[in-house]
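Okay, so here's the structure we're looking at.
The values are calculated or read from the model by the stated rules, or taken from the named source; none is laboratory data. Fair warning: this is a prediction, and the values are worked out from it, not measured in the lab. Here the Cβ positions follow ideal geometry from the backbone for every residue, glycine too, while neighbour counts run over all protein chains shown. To get the accessible areas, we keep the full protein, side chains included, count just its heavy atoms, and leave off ligands, DNA and RNA. Shrake-Rupley method; radii C 1.70, N 1.55, O 1.52, S 1.80 Å.
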Amino acid sequence: MGAPAAVTALANTRTGRKAVTAVLLCLALLCGLILAPLVMVPLALAGSATTDLTVKAAGTDAAMPTVVGDWGYPLAGSYSTGRGFGYHPVKNCAICPANHFGYDMDQPCGAPIYAAGPGRVINAGPMPGWGNTVRIDHGGGVVTLYGHMQWDSLLVGVGQQVTAGTVLGLEGSTGKSSGCHLHYEVQVRGVAIDPEPFMATLGLPLR
Ligand SMILES: [Zn+2]
């Protein structure tokens, strides 16, 4: 019989009990010091990763990026809707990708396309697949993209500051497109998200 017997014998004396209690307290303190960083560090990391990016959308569980300033629709008045976000193959269009990363809105060819929110133009010209394209950086990692606009119709340039309602160009069918429409895309830190809940969170439902 080794340590347990010795501890029991020690615990039977007054000073022994004090010594055992002190040792146990020291061990508990040591465990706390070692374990606290292991628990606190992941908590701190989780906190910092979400602070500037997510607010809970009303009525949904989806995390939505925070945007600043007034926002509006990228088309004025009524429009018909085409493909939504996700897997939507296009009949009779071999060049149209089946996975769709934006939201298609249709008005007649030549309809003006508007900036949806305030920001800085970071692309104004041809992009593969999207044709004549404007991209706007809204800060906070949020970028909107307006694809398939008519050639030579762009009214903004790279570096220009815009607000919601600034005319960007005219609706067209450039790039991988099967007819005149606006391909409206929302990206957060380079990843396309569904524009429908994003706009809905801003009080601008797309349907
Ligand atoms: Zn599209």
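Of note:
The rows are residues; the columns are (1) closer than 13 Å to residue 182 by Cβ; (2) surrounded by fewer than 18 Cβ atoms within 10 Å (Cβ to Cβ); (3) without any contact (Cβ under 8 Å) to a residue 12 or more places away in the chain.
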{"site": "89", "(1), (2), (3)": "no, yes, yes"}
{"site": "115", "(1), (2), (3)": "yes, no, no"}
{"site": "121", "(1), (2), (3)": "no, no, no"}
{"site": "146", "(1), (2), (3)": "yes, no, no"}
{"site": "155", "(1), (2), (3)": "no, yes, no"}
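- Look at (1) open to solvent by less than 10 Å² (accessible area, probe 1.4 Å); (2) within 14 Å of the ligand (Cβ to nearest atom); (3) not in a loop (DSSP other than H, G, I, E, B) and you find that residue 206 fails only one, number (3).
- Taking region 93-139 and the strands (runs of 3 or more DSSP E) fully enclosed by it, the elements with 2 or more residues that are within 11 Å of the ligand (Cβ to nearest atom) and closer than 24 Å to residue 197 by Cα are at 103-106.
- Subset tally (residues that are more than 16 Å from the ligand (Cβ to nearest atom) and out of contact with any strand residue (DSSP E or B) (no Cβ under 9 Å at 6 or more places or on another chain)) for region 169-199: 1
- Selection within region 157-184: residues that are out of contact with any Gly (no Cβ under 7 Å at 6 or more places or on another chain) and within 18 Å of residue 101 (Cβ to Cβ). The member of this set that is surrounded by the fewest Cβ atoms within 10 Å (Cβ to Cβ) is 178.
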